[in-house]
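Below is one structure, written out as structure tokens; comments come after it.
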């Protein structure tokens with residue numbers, strides 16, 4: 001095998017993404033791009049070492065998969081535990097979980113956009129790496145940086161209010177939640193929202209202008225026509241509890257099923273060159289059944305959004321590229337901001353609902369079902385927790401399909417496309433590397449999650465010759 | 001001695017990024033801090049290799065060969081090495097796999113899980129760092145100067161440590177803000 005290898009370029013680590021990964025580009029003898037792969041380089045084994053633990057511990061164990069969206073794991077895990085207990089939550093418990101979830105969407109999406117991705121859009125892909133980061137943002141665009149920091153802080157404070165800590169909070173328990181919301185806390189959350197919405201509208205304008213001014217780039221940049229997967233409730237965008245819908249590239253609803261039936265519809269493929277598996281829609285097989293998730297996946301999969309301002313933005317979004325389904329990868333950023341708007345509006349709805357101040361927090365129960373599935377939309381896409389327990393509640397098997405995994409095939413294809421556009425031979429410009437990384441960044445991957453590991457997400461580009469020798473390693477310095 | 005704009009490099013190894021997130025949770029103070037220190041290679045910047053720095057920060061345990069290598073490399077290139085969080089300090093949750101052989105952890109994760117379709121039993125290995133037999137805390141491999149435990153350490157604790165270093169002191173986290181999760 002080794003002697004059939006071509007020249008290879010490796011980007012390692014991929015930075016400003018959330019996880020550990022590298023990109024390799026194999027070149028042919030005449031220097032053309034032969035094969036491009038995005039490798040996730042870390043594995044921690046949560047599914048395996050959870051065995052034998054009491055299922056009630058899982059909402060505390062599994063958030064350690066990811067410190068960026070720990071609330072997603074906390075909630076998906078608690079929902080799987082609810083299913084094992086066979087209970088339906090009180091309205092107060094269900095709504096308080098959703099309040100925390102909206103806080104997480106605001107903070108995590110703000111991090112992705114303001115801290116990690118906006119430097120590429122504002123400074124350009126070819127800007128000096130020394131300024132193309134959050135520190136440069138703080139210097140050159142202080143208002144935007146402060147707005148982003150404030151938005152993230154607001155979401156984190158909601159999480160801390162309910163769960164005691166900003167990272168790895170503890171609020172959901174099997175059958176409910178462990179703390180109520182006080183009226184003055186609720187009032188504070190409502191009071192801060194108008195300013196944040198204003199900041200968000202400015203960010204939306206920034207992205208819309210960027211996409212309009214760079215229409216050619218947006219149309220070309222890692223564009224893929226894929227299917228899209230996401231939760232819906234009555235056809236509307238849903239983040240906490242809904243049915244799983246798959247939509248075809250042309251906008252037809254391919255399938256819609258209850259989350260507990262996920263395993264009949266979704267399988268995971270393994271490649272020997274990545275610790276991240278490749279989920280696919282079983283009836284179509286791998287790789288044909290690959291699809292995308294996350295902001296673009298959800299926005300494409302839903303019919304509409306239930307809150308007014310986000311619904312209007314969605315209509316504008318769909319018109320902006322013509323036929324309704326948006327396949328442009330750079331539009332992930334736009335979709336992400338529409339989702340922040342939805343999260344703010346939905347949060348406002350929830351906070352005005354008298355149920356959130358209720359004190360009926362928990363339904364108790366014993367192991368009623370030997371199996372439980374919990375599914376939520378994490379900021380990066382559909383997150384599935386599935387536990388099988390013995391009669392006393394010890395975990396016998398655990399299965400986790402994490403948001404970023406669903407995008408694995410698309411990330412690989414996108415990086416390949418950009419490599420073909422920008423690389424000819426081993427002399428690779430830094431800007432080309434950054435463009436490949438930005439493909440990954442569009443998906444805002446949480447690679448920690450993906451391999452049930454988190455990781456740093458540095459990226460290295462390695463160029464290998466036709467004998468498989470590394471002729472050049474490009475890292476950003 | 002106070003340092004002029006000390007350089008900082010940080011890395012996120014076998015962990016969840018939560019410590020780096022807790023660092024970002026210093027919120028507005030980050031703008032001020034970024035005026036006093038120079039971030040070099042970190043997960044939130046685009047510089048990929050560690051230069052010589054005053055302060056190195058490691059989040060995470062060491063669970064594979066690449067992580068072990070990076071810990072050694074950062075140790076060589078920094079004057080003060082900080083271990084952030086329970087994973088770096090103690091090994092943390094990663095050590096739950098240490099009761100099983102690494103090969104079994106791989107096989108169960110990539111072959112036996114219920115939604116995996118892997119009839120040929122393919123295991124990830126090509127172009128990937130191999131797992132160490134066990135996940136270990138940082139100081140099992142290199143000397144650590146400052147321990148900041150917690151899952152994650154609170155943002156105020158992280159900020160305190162940087163403030164002390166900027167004052168020229170090697171900090172010890174005081175008990176009132178020291179936390180083990």
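Within the range A:123-152, name every residue whose backbone N is under 16 Å away from a label modeled 7 Å from Cα of residue B:4 along the Cβ vector.
None, by backbone N distance to the label point.
Ranked by Cβ crowding within 10 angstrom, fewest neighbours first, how are B:96, A:58, A:151 ordered? Walk me through the intermediate numbers first.
Numbers: B:96 21, A:58 28, A:151 24.
By the 10 Å Cβ count, ascending, the order reads B:96, A:151, A:58.
Label points 7 Å out from Cα along the Cβ direction at residue A:205 and residue A:51: separation in nm?
Reported label-point gap for residue A:205 and residue A:51 is 5.7 nm.
State, to one decimal in nm, how far the label point of residue B:172 lies from the label point of residue A:220, with both points 7 Å from Cα in the Cβ direction.
Placing both labels 7 Å along Cα→Cβ, they lie 6.1 nm apart.
Under 13 Å from a point placed 7 Å out from the Cα of residue B:27 along the Cα-to-Cβ direction: which residues of the range A:161-204 have their backbone N that close?
A:161, A:166, A:189, A:192
Can you give me the Cα centroid spacing of the range A:61-123 and the range B:1-59 in angstrom?
26
Once a ≥ b ≥ c are taken as the square roots of the eigenvalues of the Cα gyration tensor of the range A:239-286, is the result rounded (a/c under 1.5), prolate (a/b larger than b/c) or oblate (a/b not larger than b/c)?
Values: a/c = 2.12, a/b = 1.54, b/c = 1.37.
Prolate, because a/c is 1.5 or more and a/b exceeds b/c.
So what is the diffusion coefficient of the range A:185-276 in µm² per second by Stokes-Einstein at 20 °C and 1.002 mPa s, using a Kirkwood Rh over Cα pairs? The partial results should precede the final answer.
Numbers: Rh = 17.5 Å.
D, rounded to a whole number, is 123 µm²/s.
Hey, rough spin-label estimate for residue A:362 and residue A:320, points 7 angstrom out along Cα→Cβ, what's it come to in nanometres?
4.5
Return B:75, A:179 ranked ascending by Cβ neighbour count within 10 Å, so the fewest neighbours appear first.
Working: B:75 18, A:179 14.
With the fewest neighbours first, B:75, A:179 line up as A:179, B:75.
Radius of gyration and Dmax for the range B:1-106's Cα atoms, expressed in Å?
Here Rg and the maximum Cα pair distance are 15.0, 51 Å.
Would you please give the FRET efficiency between residue B:130 and residue A:139, computed as 1/(1 + (r/R0)^6) with r the Cβ-Cβ distance and R0 = 56 Å, to the nearest 0.05?
On the way: r = 41 Å, r/R0 = 0.74.
After rounding to 0.05, the efficiency reads 0.85.
So if each residue of separation counts as 0.36 nm, and I subtract the Cα-Cα distance between residue A:29 and residue A:122, what length gain in nm does that give? Before the final figure, lay out the partial values.
Numbers: separation 93, 0.36 × 93 = 33.48 nm, distance 3.74 nm.
Result: 29.7 nm gained on full extension.
Determine the percent antiparallel among the DSSP beta bridges restricted to the protein assembly as shown, to the nearest 5.
On the way: 52 of 79 bridges.
Of the beta bridges lying entirely in the protein assembly as shown, close to 65 percent run antiparallel.
How much FRET efficiency would the formula 1/(1 + (r/R0)^6) give for residue A:370 and residue B:65, where r is the Cβ-Cβ distance and R0 is 35 Å, rounded to 0.05?
Details: r = 39 Å, r/R0 = 1.11.
Computed FRET efficiency for residue A:370 and residue B:65 comes out at 0.35.
Go ahead and set up a Gaussian network model of chain B, Cα springs under 10 Å, then flag whichever of B:154, B:127, B:25 fluctuates most.
Per the Cα network of chain B with a 10 Å cutoff, B:127 tops the list.
Specify the residue with the greatest mean-square fluctuation among B:159, B:147, B:110, computed from a Gaussian network of chain B linking alpha-carbon atoms under 10 Å apart.
B:110
Using Cβ counts within 10 Å as a stand-in for footprinting exposure, how do B:73, B:65 rank, fewest first? Walk me through the intermediate numbers first.
Numbers: B:73 16, B:65 13.
In increasing order of surrounding Cβ atoms, one gets B:65, B:73.
Using only the Cα atoms, what convex hull volume per residue in Å³ does the range A:124-193 have? If you can, show how the numbers build up before the last one.
Details: hull volume 9.5 nm³, N = 70.
Taking the convex hull of the Cα positions in the range A:124-193, it is 135 Å³ per residue.
How would you classify the range B:96-181 from its alpha-carbon gyration tensor, with a ≥ b ≥ c the square roots of the eigenvalues: rounded for a/c under 1.5, else prolate if a/b is greater than b/c, otherwise oblate? Walk me through the numbers on the way to the answer.
Details: a/c = 3.31, a/b = 2.70, b/c = 1.22.
The shape class here is prolate.
Classify the protein assembly as shown: rounded, prolate or oblate, from the alpha-carbon gyration tensor (a ≥ b ≥ c, eigenvalue square roots; a/c under 1.5 rounded; otherwise prolate if a/b is larger than b/c)?
On the way: a/c = 1.19, a/b = 1.10, b/c = 1.08.
It comes out rounded by the Cα gyration axes.
Any read-out appearing in this document is the output of simple, stated calculations on the displayed coordinates, not a laboratory observation. Being a predicted model, the structure only gives us computed values, none of them experimental. No Cβ is skipped: glycine too gets one built from the backbone with ideal geometry, and neighbour counts run over all protein chains shown.
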